[in-house]
Amino acid sequence: MKRALLIALAAVGLMAAEPPPTPDRPLPDAAQEARAKALFADIRCVVCQHEAIADSPAGIAADMRRLVREEIAAGRTDAQVREDLVRRYGDFVLFKPPVRAGTWLLWFGPLAALAAVGIGLLALARGRREETPALSADEEARLADILASEADRRDPDAKASDD
């Protein structure tokens, strides 16, 4: 009974897996294929998010590569291909999104977070400063006695020049 349940669960897991992507079919024109490969390096895989679609094994990356090749074959410019991908997937699909009001957080968010942490650490450091109270007359006299005494040297082999 347990064995049959394990087999059934494994079968369900295998059926739920993503099918392998169709193999890439390069464009017949070498110049167009070179343009496509250059665009692949600038476009982020929406599944992997840290990889370009050129390097991603995800099925959606294969679909995006096919789409880019189709648009290049149809005569679209690189800018038009990028605009179409941004329309479909948003600015995040580009490794270098354009600087505009909607992408300020992508461009300047890390700098703002770093500045906020720096200001917080500076404020924390300034708030922790404690003034050391001045020595009383008795403490100053005792310190002078200690410094003048040769018997209280930390290292008996030390010379006066080592102080």
Exercise. Residue check: is F108 under 26 Å from R65 (Cα atoms) and part of a helix (DSSP H, G or I)?
Worked result: no
Exercise. Could you say whether any residue in the stretch 67-76 is touching a Lys or Arg at 6+ places or on another chain (Cβ under 8 Å) and at pLDDT 90 or above?
Worked result: yes
Exercise. Does at least one position in the stretch 81-90 carry a residue that is among the hydroxyl-bearing types (S, T, Y), under 21 Å from A52 (Cα atoms) and modelled with pLDDT of 85 or more?
Worked result: yes
Exercise. Tell me, which residue of the stretch 101-140 that is surrounded by 10 or more Cβ atoms within 10 Å (Cβ to Cβ) and modelled with pLDDT under 85 is nearest to C48 (Cα to Cα)?
Worked result: L106
Exercise. Are there any pairs, at least 6 apart or on different chains, whose C-beta atoms fall under 7 Å, with the first in the stretch 129-148 and within 26 Å of K159 (Cβ to Cβ) and the second assigned to a loop (DSSP other than H, G, I, E, B) and of a type in the set (D, E), and if so, which?
Worked result: I146/D152
Exercise. Considering the stretch 48-73 alone, what residues qualify as being surrounded by 15 or more Cβ atoms within 10 Å (Cβ to Cβ) and aliphatic (A, V, I, L, M)?
Worked result: A52, I53, A54, A58, I60, A61, A62, M64, L67, V68, I72
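The values are calculated or read from the model by the stated rules, or taken from the named source; none is laboratory data. It should be emphasised that the depicted structure is a prediction, and the values quoted were computed from it without experimental measurement. We place every Cβ from the backbone using ideal geometry, glycine too, and count neighbours over all the protein chains shown.
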